[in-house]
Amino acid sequence: MLQVRTVSKNYGATHALSNVSFSMQDGEALAILGPSGCGKSTLLRILAGLEHPDQGEVWWDDLEITTLPPEKRFFSLVFQDYALFPHLNVLGNVMFGLIERKMPRKAAEQQALQWLEKVNLQGLEKRKTTELSGGQQQRVSFARALAVNPRLLLLDEPFSNLDQQLREEVQNELLSTLRETQNSTILVTHDQQEAFKLASRIVLMREGQIEQMGTPTDLYHHP
Ligand code: ADP
Ligand code: ADP
C-alpha cells in the first residue's frame with residue numbers, strides 16, 4: 001500500500017504541492033487529474049524518487065521511502081516522450097530491466113517477447129525504436145515498464161504526444177492490458193475521459209491541492 005502524507009513542495013514562491021495526502025491499495029488504478037500547472041508531475045516525480053518533498057512523507061507498506069533512490073523503490077515509469085534507449089532495438093529495450101535484475105539472457109528474451117505480444121508488437125522485436133511510429137514507441141515503453149513486474153506503475157501523460165485518432169486506439173489497447181495485469185497504477189493526466197477509462201479512483205487536483213477524491217461515479221455526480 002502506498003501512503004502519501006502531508007506532502008508539500010515549493011519552487012521559490014510557487015506552491016507546487018500543499019499538504020497533499022492520499023493512499024492507495026495494491027492493485028488499484030488511480031488517476032491524478034487536473035489542469036496544467038496544478039502539481040501532478042511534481043507529485044509523480046516525488047513518488048518516483050526523482051525529487052524530494054519539502055515536507056511530508058511517502059510510505060510503501062511499513063517503509064518510509066521518501067529518501068530512497070528511484071532504483072530502490074521498484075516502480076516503473078512511462079513518460080509522455082517514451083524515453084526509449086536509442087542504441088537498443090525494440091527487444092533490447094524490453095529486456096533491459098530484466099537483464100539489469102540479473103535474469104539469464106534467454107529467459108529475459110522470452111519474457112520480453114511475451115510482453116511485446118501483449119502490447120501487439122509481435123514481429124517488430126528487431127526494429128530500431130527510431131523506425132517506429134509514436135504509438136508503437138509508446139507500446140514498447142509500456143512493455144518495458146511492465147516486464148520488470150513493478151510494485152507500482154507511474155504513467156505521466158503517456159498518450160499526450162499521440163494524435164487524436166491514434167491516441168484513442170493506443171489508449172484503449174494499453175489500458176485494457178493494464179486492467180488485465182492488475183498492476184498498481186497511477187496515471188497522471190489532464191484528460192478526464194482518459195482518467196475515467198482507466199481509474200477506479202480519481203484524485204482531482206487544483207493549484208497544488210487535492211480538491212476532491214472518489215470513484216468516477218462520485219465525481220460525475222458531484223462535479
Ligand atoms: P502539472 O504536472 O500539473 O502541469 P507541475 O507539477 O509540472 O504541474 O507544476 C506545478 C507548478 O510548479 C507550476 O506552477 C510549475 O510552473 C511549477 N514548477 C514545476 N517544476 C518546476 C521547477 N523545476 N522549477 C520551478 N517551478 C516548477
Ligand atoms: P533505473 O535506474 O532502474 O533505470 P529509472 O529511474 O530510469 O530506473 O526508472 C524507474 C523505473 O523504471 C525503474 O525502477 C524500472 O522499474 C523502470 N525502468 C527503467 N528503465 C527500464 C528498462 N530499460 N527496462 C525496464 N524497466 C525500466
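Within the stretch 69-92, if we keep just the residues that are in a helix (DSSP H, G or I) and more than 17 Å from the chain's Cα centre (by Cα), the residue that is surrounded by the fewest Cβ atoms within 10 Å (Cβ to Cβ) turns out to be GLY92. Taken together, LEU68, LEU2, LEU44, LEU77 contain a single residue that is out of contact with any Leu (no Cβ under 8 Å at 6 or more places or on another chain) and within 16 Å of ligand 2 (Cβ to nearest atom), which is LEU68.
When restricted to residues that are over 20 Å from the mean Cα position of the chain (by Cα) and over 18 Å from LEU175 (Cα atoms), the stretch 102-121 contains 11.
Can you confirm whether ALA112 is more than 16 Å from ligand 1 (Cβ to nearest atom), without any contact (Cβ under 8 Å) to a residue 24 or more places away in the chain and crowded, with 19+ Cβ neighbours inside 10 Å?
Numbers: more than 16 Å from ligand 1 (Cβ to nearest atom): yes; without any contact (Cβ under 8 Å) to a residue 24 or more places away in the chain: no; crowded, with 19+ Cβ neighbours inside 10 Å: yes.
No, not satisfied.
Within the option set THR181, THR185, THR129, being under 13 Å from the mean Cα position of the chain (by Cα) and among the β-branched types (Val, Ile, Thr) holds for one residue only, THR185.
Within the stretch 149-161, the set of residues being crowded, with 20+ Cβ neighbours inside 10 Å and either within 17 Å of ASP26 (Cα to Cα) or touching a Lys or Arg at 6+ places or on another chain (Cβ under 9 Å) (or both) comprises LEU152, LEU153, LEU154, LEU155, ASP156, GLU157, PHE159.
Look at the stretch 20-49: where a residue is under 20 Å from THR177 (Cα atoms) and more than 8 Å from ligand 1 (Cβ to nearest atom) and a partner is assigned to a helix (DSSP H, G or I) and not aromatic (Phe, Trp, Tyr), sitting 6+ places away or on another chain with Cβ atoms under 7 Å, you get ALA29/LEU178; ALA29/LEU198; ALA31/ALA195; ALA31/LEU198; ILE32/LYS40; ILE32/LEU43. Looking at GLN182, GLN138, GLN165, GLN171, just one residue is out of contact with any Ser or Thr (no Cβ under 7 Å at 6 or more places or on another chain), modelled with pLDDT under 95 and either of a type in the set (Gly, Ala, Ser) or within 15 Å of ligand 2 (Cβ to nearest atom) (or both), and that residue is GLN138. Taking the stretch 119-163 as the range and being under 12 Å from GLU194 (Cα atoms) and part of a helix (DSSP H, G or I) as the test, no residue passes.
The values are calculated or read from the model by the stated rules, or taken from the named source; none is laboratory data. All values reported here derive from a predicted model rather than from experimental measurement. Please note: Cβ atoms are built from the backbone with ideal geometry, for glycine as well, and neighbour counts cover all protein chains shown.
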